[in-house]
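Undergrad: Please find one structure pasted underneath; my questions will follow.
The values are calculated or read from the model by the stated rules, or taken from the named source; none is laboratory data. Computed from a predicted model, the values in this text were never measured in an experiment. Glycine gets a Cβ as well: all are built from the backbone with ideal geometry, and neighbour counts include every protein chain shown. For the accessible areas, the whole protein counts, side chains as well, though only heavy atoms, and no ligand, DNA or RNA atoms are used. Shrake-Rupley method; radii C 1.70, N 1.55, O 1.52, S 1.80 Å.
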Amino acid sequence: MRPLLLSLAIACTGGPSVTPPTPDAPEPAAPADQDAFGSYTLRFPDPGTQYLEVELVLPKPPADLKLRMASWTPGSYKIRDYARHLEGLSVNTGDGTPLAVEKISKDTWSVSGAEGSPSVVVRYSLYAAVMAVQSNWVEPDFAMLNGAPTFLLPVGHEAATYDVRISAPDAWPHISTALPPHPK
């Protein structure tokens, strides 16, 4: 059995931390770190499909919310099109009201209606079928993830602190990452 490997190779966080999965965690999860700008939860509902689901909760969204996926990975000096693997992007207020999302470039989306909302929940799926050091791979036995092709980040807040939670299938008993566990 191979573990889930999470290699956050991009500078997407100022102080990243990983919170182990907890079956009784509330949905959607607010950041455990009160200094965190947002909280990501990674889920693998059916690893055989090579998809993972990503949820980003922003407790205090910026008024002019734009989301961008990286187009390169440190150490792999080539422009990439990671956003092509992103599907089903939706953005809602914390109470479930859908917000308008418009793709404004190959890797950037603009969200309308977030102004004044106490929180925003961003959800999307990623096709993870490229096994390479700069990409994502998901299969029934394990997953290998990198930050650049995984996380949509709020533009202007790329260096903020974000919590990362991993909800791994029972068949994956270990999570390996260079991120420190979140202090309880």
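Undergrad: How do the pairs read when you match residues in the stretch 128-156 that are within 14 Å of Thr49 (Cα to Cα) with residues anywhere that are open to solvent by 30 Å² or more (accessible area, probe 1.4 Å) and of a type in the set (Lys, Arg), using Cβ under 7 Å and keeping only pairs 6 or more apart or on different chains?
TA: Asp141/Arg2; Phe142/Arg2
Undergrad: A further question follows. Residues of the stretch 63-102 being of a type outside the set (D, E, K, R), part of a strand (DSSP E or B) and under 18 Å from the mean Cα position of the chain (by Cα), which ones?
TA: Of everything in the stretch 63-102, those that are of a type outside the set (D, E, K, R), part of a strand (DSSP E or B) and under 18 Å from the mean Cα position of the chain (by Cα) turn out to be Leu67, Met69, Thr73, Leu86, Gly88, Leu89, Ser90, Val91, Asn92, Thr93, Val101.
Undergrad: Are any residues in the stretch 111-138 open to solvent by less than 20 Å² (accessible area, probe 1.4 Å), among the hydroxyl-bearing types (Ser, Thr, Tyr) and modelled with pLDDT of 95 or more, and if so, which ones?
TA: Result: Tyr124, single match.
Undergrad: While we're looking at this one, here's another question. So, in the stretch 68-92, of the ones that are at pLDDT below 95 and of a type in the set (Ser, Thr, Tyr), which residue ends up surrounded by the fewest Cβ atoms within 10 Å (Cβ to Cβ)?
TA: Restricting to residues being at pLDDT below 95 and of a type in the set (Ser, Thr, Tyr), the top hit is Tyr77.
Undergrad: Out of all the residues in the stretch 152-174, which are of a type in the set (Phe, Trp, Tyr) and either within 18 Å of Lys60 (Cβ to Cβ) or open to solvent by 30 Å² or more (accessible area, probe 1.4 Å) (or both)?
TA: Tyr162
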